[in-house]
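Below: the structure, in structure tokens.
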Amino acid sequence: MRAQQLRISLAVLALTVFASAATFAQPAPAQTPAAKINPRTARFGVWDNSTNPNNVMTYELYETDGSKLTVSNPTNPASDWSYVTKFDGTFQPVTGQPGAETSVEIINDKAIRITNKRNGVVNQVVINTISDDLNTISNEYIRLDKDGKITGVSHVTYNRRKK
């Protein structure tokens, strides 16, 4: 079990470093401390998957400092699912997905780490990064087998829905 946790941690670290390196390649806009992004609230709103119109994320306030994520399918509302987080790494049940749990932790002001479990086993880690203009979310999905070995990595971009 400890070896599995170590492999998962190393995989997340590697992806975080890779994602950070890609970000450093872009010129960063000048930011003052007042312009710092709040990772707890920056994602609030509706987000459309750039390649799949049947995958929509909605982030909203949960309690005073948490977030609720709902993933919906406009053509099949019965498949919707959601979870809540206080960004403290605590696993919470996923409504609409029996046996699923999710935890969320803040990496920095633009990135969060989402860890997904199925039936008690971590099967996916997602690095969710919001753009400087707060209008794009890039998700890097790392899929893991029951032993924590990486079995695949994929990328999805979400665009903030205009009001």
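Only the coordinates and a few stated rules stand behind these numbers; no lab work does. Owing to the predicted nature of the structure, the values given are computational and were not obtained by experimental measurement. Cβ: placed from backbone, ideal geometry, glycine included. Neighbour counts: every protein chain shown.
The table for this structure:
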| item | result |
| --- | --- |
| Burial ordering of D133, D48, fewest other beta-carbon atoms within 10 Å first | D133, D48 |
| Inter-site label distance for N108 and D65 at 7 Å from Cα along Cβ, in nm | 2.2 nm |
| Förster-model FRET efficiency, 22 Å R0, N135 and N54, C-beta, rounded to 0.05 | 0.55 |
| Other-chain or far-sequence residues with amide H under 5 Å of Q124's (modelled H) | N116, L144 |
| Calculated from backbone phi, Karplus (6.51, -1.76, 1.60) coupling profile of the range 152-157 in Hz, x at Gly/Pro | x, 9, 9, 10, 9, 10 |
| Distance between the range 58-100 and the range 130-163 - C-alpha centres, whole angstrom | 16 Å |
| Neighbour-count ranking [beta-carbon atoms within 10 angstrom, fewest first] of K117, K149, K110 | K149, K117, K110 |
